[in-house]
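The values are calculated or read from the model by the stated rules, or taken from the named source; none is laboratory data. Because the structure is predicted, anything quoted here is derived from the model rather than measured. All Cβ positions, even for glycine, are placed from backbone atoms using ideal geometry, and neighbour counts span all protein chains on display. SASA here: full protein model, heavy atoms, side chains in, ligands and nucleic acids out. Shrake-Rupley method; radii C 1.70, N 1.55, O 1.52, S 1.80 Å.
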Amino acid sequence: MSIERVWVVAELAAGNPVGTVLELLTQARATGTTVEAVSWGPDVAKAAGELGNFGATKVYDVGDIGEALPGGPVAGAIAELVKGGTVPDVILVPTTYDGRDIAGRLSAMLDLPVITNVVGLRVDGDEVSSEHGLFGGAKVARARFTGARPWIFLVRAKSFAAEASGGGAPEVVAAPAPDLGARNAAQVKARHVEEQSGPKLDEADVVVSGGRGLGGAEHYAMIEELAKLLKGAAGASRAIVDAGWVPYSHQVGQTGKTVKPTLYIACGISGATQHLVGMKGSKNIVAINKDQDAPIFSVADLGIVGDVHKVVPKLIEALKSRS
Amino acid sequence: MNVVVCVKQIPDPAAPQRLDPETKTLVREGKLILDDSDAYGVEMGLQLAEQAGGGEVTLVSMAPGGETSGLRTALAMGAAKAILVSDDALKGSDALATAKVLAKAIERAQPDLVIAATESTDGYTGTMPVQLAELLGLPSVTFAKKVSVGDGAVQVQRQTEAGYDEVQCPLPAVVTVTAGVVEPRYPSFKGIMAAKNKPVDQLTVAELGIDASQVGLAGAGQEVTEVEDAEARSGGQIVVDEGEGFQQVVQFLEQLKLV
Ligand SMILES: Cc1cc2nc3c(=O)[nH]c(=O)nc-3n(C[C@H](O)[C@H](O)[C@H](O)COP(=O)(O)OP(=O)(O)OC[C@H]3O[C@@H](n4cnc5c(N)ncnc54)[C@H](O)[C@@H]3O)c2cc1C
Ligand SMILES: Nc1ncnc2c1ncn2[C@@H]1O[C@H](COP(=O)(O)O)[C@@H](O)[C@H]1O
């Protein structure tokens, strides 16, 4: 027996599958023989072509969930399918805000566990094992399910490369959510979109991040300026997000974004394990920190032991004078 | 308004962490402390109960060895009492089993609102609170960066990829809070003294009416098969800045053809 059917929970944003979904569809093709997607919202028909282009042959459409949060209805729809006898072997869920809600709800509905924080998958016959970073990535653990299917994996962004399969338009079938009563009572009243210019943090080729070593919110401007000069995006450690210097959308790390740019520049960041897991996969790392024993230097290709207030402004001047 | 706050008691994250060679799960023994992530939940619970003009905060925790150090910290902050579930049968429980245990404990407290952190420092599955909500038959709002309560409902600013959503949810409900949602207070001396005499109701799995085969390693349904050292990223060149350090960065950028 091998792995037959793999489902990918296909979250959409502005009518398109989010990046991690395309990564998961690509990995799903290497995991099982049939790849299908579960999606929701008003744009499923529009997005189906792209899901097919990455290998989905069928899309279960939960439909428009209105102003409900997706966790309940999407998990409910999947649980209905499973209880009705359509049982996938594996369900891959992206680690997004809504993905975590869906996986958690689904787990409790089906009384099946979830394996979380997955950064790799390996298939051996009818076994699937997952890979996890431990202690900030110093160790790698493998885990597997010992019980009934479907096996639900919550997978972190950037764990796999996305590659189109050139598949045609998938069949779209309705898979409406059941009535969840009080469990589905939360309603979105308003959506706020924060302004963003330049490339997105998790897609940028260069990421320049700042940490508490900047000394104050007003000094984050130099991080943004350096990022802009390098056509990159500006990131942050959690310390300065918690301190309110920059919005959460800039956070890199375990509870923030995973980035894998060509170059990551860490300015005044100590390199706590929770930060490292979010950026260790960068192709090149430069760190600027005044403490030569800062853990960030252990992952840096180039480490500058120095004061960010001296090094970064000079770097900015040098780059400006070249352009 | 009565609030339950889930608090996890964990080994000091600053101390070196260790895996059990047999089960390959994190060793959680010795003195445990209040997970930093949950200090925000405790503070949030206290503030909301105060604003609602009455009611109290009950802590709920599952921890080995009858551990109460972390609970005492949260009691010293101002929580009224605690329910602790401690049982050898719980060793190795996964998030779903934890949710089953905490759900039974929380049912006893009949709260208007349940607060947990978005994720724990040592486990960080981030799924436990939603599993809990489903088992309790409650709605949930995760990733709260601002919370208020009024008219029998909770209003939450929920973090999103693009910014945040304003979410309204009738009570009772489960809400998970992010770090920084409020500034946790330091326990006062008076608080610390008072905490010593606050009630901690300790329960076993059997007392909660849970079948021991459903929880612990036996009920986990997942196992860690191997742990190896990751491919080490070797540290590179280190330069001490004496005024010209930025030149090294410029050269590095040139090598990468980024400038
Ligand atoms: C559950 C959990 C999840 C977490 N998730 C994340 C996450 O997603 N992302 C994340 O980043 N963190 C996360 N953290 C927090 C993490 O543990 C660290 O606290 C945080 O990364 C530290 O941020 P920092 O490096 O900016 O600050 P600090 O650790 O305070 O480091 C500041 C550094 O700046 C240096 N410095 C000071 N002044 C200067 C100067 N003038 N010039 C140069 N260098 C200077 C110092 O030497 C120091 O190394 C998480 C923690 C927990 C418990
Ligand atoms: N054993 C536990 N006792 C009490 N609360 C817990 C426990 N485990 C998890 N929680 C709560 O659930 C949150 C998420 O945990 P986790 O699923 O481990 O990331 C934690 O931050 C706590 O608020």
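Can you find even one residue in the range B:165-183 that is in contact (Cβ under 8 Å) with a residue 24 or more places away in the chain, away from ligand 1 (no atom under 16 Å from the Cβ) and over 22 Å from the mean Cα position of the chain (by Cα)?
Yes, that holds for at least one residue.
Got a number for residues in the range B:25-66 being open to solvent by 60 Å² or more (accessible area, probe 1.4 Å) and on the phi > 0 side of the Ramachandran plot?
2
Can you tell me which residue in the range A:133-160 is nearest to the chain's Cα centre (by Cα), limited to those that are under 24 Å from B:Q214 (Cβ atoms) and of a type in the set (D, E, K, R)?
If we take residues in the range A:133-160 being under 24 Å from B:Q214 (Cβ atoms) and of a type in the set (D, E, K, R), then A:R144 is nearest to the chain's Cα centre (by Cα).
Whether any residue in the range B:156-178 is open to solvent by 40 Å² or more (accessible area, probe 1.4 Å) and among the small types (G, A, S) is what I want to check.
For the range B:156-178, residues open to solvent by 40 Å² or more (accessible area, probe 1.4 Å) and among the small types (G, A, S): present.
Taking the range B:158-207 only, how many residues are facing chain A (nearest Cβ under 8 Å) and not aromatic (F, W, Y)?
Of the residues in that region, 16 qualify.
Look at the range A:305-323 and say how many of its residues are near ligand 1 (Cβ under 9 Å from one of its atoms), at the interface with chain B (Cβ under 7 Å from one of its Cβ atoms) and among the aliphatic types (A, V, I, L, M).
2
Select from the range A:110-132 the residues that are on the phi < 0 side of the Ramachandran plot, at the interface with chain B (Cβ under 7 Å from one of its Cβ atoms) and under 16 Å from the mean Cα position of the chain (by Cα) and list them in ascending order.
Those that are on the phi < 0 side of the Ramachandran plot, at the interface with chain B (Cβ under 7 Å from one of its Cβ atoms) and under 16 Å from the mean Cα position of the chain (by Cα): A:I115, A:T116.
Of the residues that make up the range B:67-79, is at least one within 27 Å of A:S107 (Cβ to Cβ), within 16 Å of ligand 2 (Cβ to nearest atom) and open to solvent by 40 Å² or more (accessible area, probe 1.4 Å)?
Checked against the condition, which is being within 27 Å of A:S107 (Cβ to Cβ), within 16 Å of ligand 2 (Cβ to nearest atom) and open to solvent by 40 Å² or more (accessible area, probe 1.4 Å), the range B:67-79 yields no hits at all.
Please go through the range B:215-259 and give me each residue that is open to solvent by less than 40 Å² (accessible area, probe 1.4 Å), touching a helix residue (DSSP H, G or I) at 6+ places or on another chain (Cβ under 7 Å) and of a type outside the set (G, A, S), ordered by number.
Those that are open to solvent by less than 40 Å² (accessible area, probe 1.4 Å), touching a helix residue (DSSP H, G or I) at 6+ places or on another chain (Cβ under 7 Å) and of a type outside the set (G, A, S): B:V215, B:V239, B:D241, B:F246, B:V249, B:V250.
For the structure I just gave you, tell me whether A:T96 is over 23 Å from the mean Cα position of the chain (by Cα) and more than 19 Å from A:P176 (Cβ to Cβ).
Here the answer is no, as A:T96 does not meet what is asked.
Hey, A:E195 hits all of (1) within 30 Å of A:V286 (Cβ to Cβ); (2) open to solvent by less than 20 Å² (accessible area, probe 1.4 Å) but one; which does it fall short on?
So the condition that A:E195 fails would be (2).
Please state which one of A:V87, A:V59, A:V35, A:V8 is without any contact (Cβ under 8 Å) to a residue 40 or more places away in the chain and either of a type in the set (D, E, K, R) or more than 14 Å from every other protein chain (Cβ to nearest Cβ) (or both).
The conditions single out A:V35.
Filter the range A:254-283 for residues that are of a type in the set (S, T, Y) and either in contact with a helix residue (DSSP H, G or I) (Cβ under 9 Å, 6 or more places away or on another chain) or surrounded by 19 or more Cβ atoms within 10 Å (Cβ to Cβ) (or both) and give the result.
Correct list: A:T255, A:T258, A:Y264, A:S270, A:T273, A:S282.
Take the range A:235-264 and flag every residue that is at pLDDT below 95, among the hydroxyl-bearing types (S, T, Y) and more than 16 Å from ligand 2 (Cβ to nearest atom).
A:Y248, A:S249, A:T258
Among the residues of the range B:116-153, how many are more than 8 Å from chain A (Cβ to nearest Cβ), touching an Asp or Glu at 6+ places or on another chain (Cβ under 9 Å) and open to solvent by less than 20 Å² (accessible area, probe 1.4 Å)?
3
Residues checked against (1) under 18 Å from B:F246 (Cβ atoms); (2) within 16 Å of ligand 2 (Cβ to nearest atom); (3) out of contact with any Cys (no Cβ under 9 Å at 6 or more places or on another chain):
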site	(1), (2), (3)
A:K228	yes, no, yes
A:A233	no, no, yes
A:A266	yes, no, yes
A:A287	yes, no, no
A:K310	yes, no, yes
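Starting from residues that are open to solvent by less than 20 Å² (accessible area, probe 1.4 Å) and modelled with pLDDT under 95, keep the ones in the range A:199-226 and report whichever is nearest to ligand 2 (Cβ to nearest atom).
Checking each candidate, the answer is A:L201.
Which condition number does A:A108 fail, the rest of (1) at pLDDT below 95; (2) touching a Leu at 6+ places or on another chain (Cβ under 8 Å); (3) crowded, with 22+ Cβ neighbours inside 10 Å being met?
Here A:A108 meets the rest and fails (1).
Given the range B:169-259, what strands (runs of 3 or more DSSP E) lie entirely inside it while holding 2 or more residues that are of a type in the set (D, E, K, R)?
Once the strands (runs of 3 or more DSSP E) in the range B:169-259 are filtered for at least 2 residues that are of a type in the set (D, E, K, R), what remains is B:222-229.
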